[in-house]
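The values are calculated or read from the model by the stated rules, or taken from the named source; none is laboratory data. Since we're looking at a predicted model, the values are computed, not measured. Here the Cβ positions follow ideal geometry from the backbone for every residue, glycine too, while neighbour counts run over all protein chains shown.
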2 protein chains.
Amino acid sequence: MQEGNRQWRLVSYPEGMPVETNWALSDGVIPEARANEIVARAIYLDVAPYMRGRISPQRNYAAGVKPGDVMLGGGIGEVVQSNAKQFKPGDIVVTDFSFGWQQYAALKSSAVRRVEPEIASLPYWLDALGLNGMTAYFALIEAGRIKPGDTVVISAAAGSVGQIAGQIAKLSGCRAIGITSSQEKVAFCKDVGYDDAINYRAEADLVAAVARACPRGVDVFIDNTAGVIHEAVMQNLATHARVVLVGSISLAGKFGQPDVGPRFHRQTLIARATIKGFLVSDYQQDQAEARQRMAEWVKAGMLKSKFDIAKGIENTPKAFLRLLTSQNLGKQLVQIADEPKARST
Amino acid sequence: MQEGNRQWRLVSYPEGMPVETNWALSDGVIPEARANEIVARAIYLDVAPYMRGRISPQRNYAAGVKPGDVMLGGGIGEVVQSNAKQFKPGDIVVTDFSFGWQQYAALKSSAVRRVEPEIASLPYWLDALGLNGMTAYFALIEAGRIKPGDTVVISAAAGSVGQIAGQIAKLSGCRAIGITSSQEKVAFCKDVGYDDAINYRAEADLVAAVARACPRGVDVFIDNTAGVIHEAVMQNLATHARVVLVGSISLAGKFGQPDVGPRFHRQTLIARATIKGFLVSDYQQDQAEARQRMAEWVKAGMLKSKFDIAKGIENTPKAFLRLLTSQNLGKQLVQIADEPKARST
């Protein structure tokens with residue numbers, strides 16, 4: 001461990017696709033825990049597509065990071081100091097958004113949850129048992145209202161939300177079709193449990209490829225990408241289809257610019273489809289129950305994630321950029337320190 | 001009255017905007033009523049935007065008219081022959097789709113409803129108490145889930161659905177903003193009861209004009225047009241906005257061609273908006289109750305329609321084209337014969 005607290009601060013808003021120099025690594029101090037706070041030492045930090053929207057002056061659903069601020073993000077850490085009665089040094093905790101890209105964070109006790117390694121290994125708490133799992137669960141079950149027998153198409157299918165969503169769809173009795181960006185990821189999707197997967201970059205006619213994979217049309221579409229994949233699926237909707245807009249990673253390189261292309265007003269009307277913008281934080285009050293259900297699936301080995309783990313605080317922006325350019329395979333995390341040895345309790 | 005049965009038959013599918021020569025007037029025979037049928041003599045025929053979608057080889061939500069067929073459409077007529085116990089000669093009946101552009105129609109008794117002139121004058125039965133009223137009612141109340149205090153924007157606000165929708169929104173405690181295509185129609189909207197109306201053709205910056213009219217954002221958008229009006233409203237959505245796609249009259253001239261333009265994936269996601277393709281026939285089982293409620297409003301003088309009535313079977317395609325090119329003011333109908341004198345019962 002180094003002395004001090006290395007932190008990635010935003011230097012400038014990216015224009016289009018972010019580059020590493022949009023952030024700078026600086027040395028800060030290790031904070032002190034105030035009332036009802038803990039200080040945690042980072043073990044894993046999260047990088048995720050939603051962060052692209054938070055480093056833009058554009059209107060978003062939540063406040064953004066300003067140049068000069070420490071970059072936001074979830075993380076798993078070990079409590080090193082506690083001023084909150086629920087936590088003591090040595091506890092492992094997770095926070096969805098509040099850790100930041102840094103080695104030490106002061107965190108409100110209300111913003112963290114206890115990690116239970118006996119349920120699942122640490123990375124799962126930033127994945128199936130964290131934002132990704134909640135996103136996949138509520139997008140499918142609440143916004144998408146999946147029912148057994150539905151044909152469910154998921155874009156960015158090998159991504160962090162996608163790999164979980166495909167498995168929840170299967171566990172719910174649906175047919176799960178993934179759309180992804182390479183043959184390697186097609187194999188990954190099938191390995192994860194998708195019934196079929198399409199490499200959109202290899203298809204000259206993606207509309208026809210989706211039609212072949214979904215001969216009765218698409219009942220539920222979990223859209224993590226926008227762009228050309230969205231276009232192809234919108235031309236294959238079944239009557240009363242539900243389209244859940246979860247993300248727009250294909251727009252990461254043209255953030256803030258208008259997205260121009262074919263629109264599907266008539267198709268939406270004719271299918272009487274519902275298109276729903278989705279944000280996981282709208283489902284806050286139901287997360288405890290959903291997390292419990294996910295934990296049961298994970299503990300029983302019925303739901304597994306693959307991870308792509310970079311090492312070292314210095315590689316955090318690189319890991320984020322790998323993600324934005326589809327180079328990762330599995331949920332992308334950054335490991336900042338070794339996992340603590342299991343304590344005898 | 002003429003002998004025989006003058007009928008408008010489709011000659012060819014329009015390319016883009018329909019022209020009068022897509023139909024031809026021919027002389028047919030007056031049909032005979034088979035079991036459970038009546039024959040009615042047309043008094044009013046309906047022309048409506050949905051008909052554009054029915055004269056196209058493109059996929060639609062319902063079967064289309066083929067070249068050679070009598071053009072479809074609703075109508076009000078007087079029963080001249082009955083082979084159905086519910087109806088007798090002299091009764092006035094209305095049908096939503098089945099009359100066709102002709103002087104006489106044989107109609108299944110299950111496809112017609114009795115007109116009650118004591119509740120409202122005849123044209124209302126093809127308007128507030130017909131498809132237009134049901135469309136406005138279910139689009140707002142079921143698909144749009146309006147609640148008191150909502151800001152409701154309605155496009156084609158002076159149109160047949162729009163004028164009713166504005167009034168239902170007001171009767172439901174909402175703020176109603178219309179978007180329409182001329183200063184004359186702005187005045188028409190305000191006269192009908194809209195709080196405010198925008199002439200989109202007069203606005204250099206329609207996004208800003210909608211923002212001025214809706215300072216807290218748009219909660220519910222009843223979209224009858226698609227196109228540039230859709231674009232402007234989508235940039236003014238309030239959180240959890242509901243967008244109901246009812247029609248796409250701005251696309252009437254480019255039917256079957258791709259609709260290319262700015263898309264609002266991010267805005268939809270950030271607002272967590274719901275966009276819903278709407279078709280009134282999905283609400284069939286609730287129509288009796290809705291029609292009852294509408295009839296009470298109409299009878300009490302709380303809901304009024306304005307009509308734009310062409311005369312003579314020979315002017316039916318012209319009236320339809322007036323509608324597609326926004327030249328009508330009020331619900332467009334075609335009067336085929338004089339209304340019968342009120343009977344003493």
* Go through (1) outside the structural domain of residue B:138 (by TED's automatic domain parsing); (2) at pLDDT 90 or above one by one and return the number of the condition residue B:341 breaks. => (2)
* Asked: Given A:287, A:267, A:327, which one is surrounded by fewer than 21 Cβ atoms within 10 Å (Cβ to Cβ) and more than 16 Å from the chain's Cα centre (by Cα)?
  -> A:267
* To do: Go through A:309, A:313, A:275 for me and flag whichever is of a type in the set (Val, Ile, Thr), touching a residue at least 24 places away in the same chain (Cβ under 8 Å) and in contact with a Ser or Thr (Cβ under 7 Å, 6 or more places away or on another chain).
  => A:275
* Asked: If you check residue A:53 against the conditions, is it out of contact with any His (no Cβ under 8 Å at 6 or more places or on another chain), within 25 Å of residue A:247 (Cβ to Cβ), crowded, with 16+ Cβ neighbours inside 10 Å and free of Cβ contacts under 8 Å to residues at least 12 places away in the same chain?
  -> no
* **Of all residues making up the range B:245-260, the number that are more than 12 Å from chain A (Cβ to nearest Cβ) and modelled with pLDDT of 95 or more** => 0
* Exactly one condition in (1) buried (at least 24 other Cβ atoms within 10 Å of the Cβ); (2) farther than 27 Å from residue A:45 by Cβ is not met by residue A:171; state its number. => (1)
* Asked: Is the range B:27-42 home to any residue that is farther than 16 Å from residue B:93 by Cβ and free of Cβ contacts under 8 Å to residues at least 40 places away in the same chain?
  -> yes
* Candidate set: the range A:196-223, residues that are in contact (Cβ under 8 Å) with a residue 40 or more places away in the chain and in a strand (DSSP E or B); chosen: the one farthest from residue A:245 (Cα to Cα) -> A:197
* To do: Residues being in a helix (DSSP H, G or I), hydrophobic (A, V, I, L, M, F, W, C) and either farther than 28 Å from residue B:59 by Cβ or in the same structural domain as residue A:49 (by TED's automatic domain parsing) (or both): count how many of those fall in the range A:246-299.
  => 10
* Asked: Out of the range B:212-244, which residues are within 11 Å of chain A (Cβ to nearest Cβ) and touching a Phe, Trp or Tyr at 6+ places or on another chain (Cβ under 6 Å)?
  -> B:234, B:243, B:244
* Across the range A:227-245, what is the number of residues that are free of Cβ contacts under 8 Å to residues at least 60 places away in the same chain and not in a loop (DSSP other than H, G, I, E, B)? -> 11
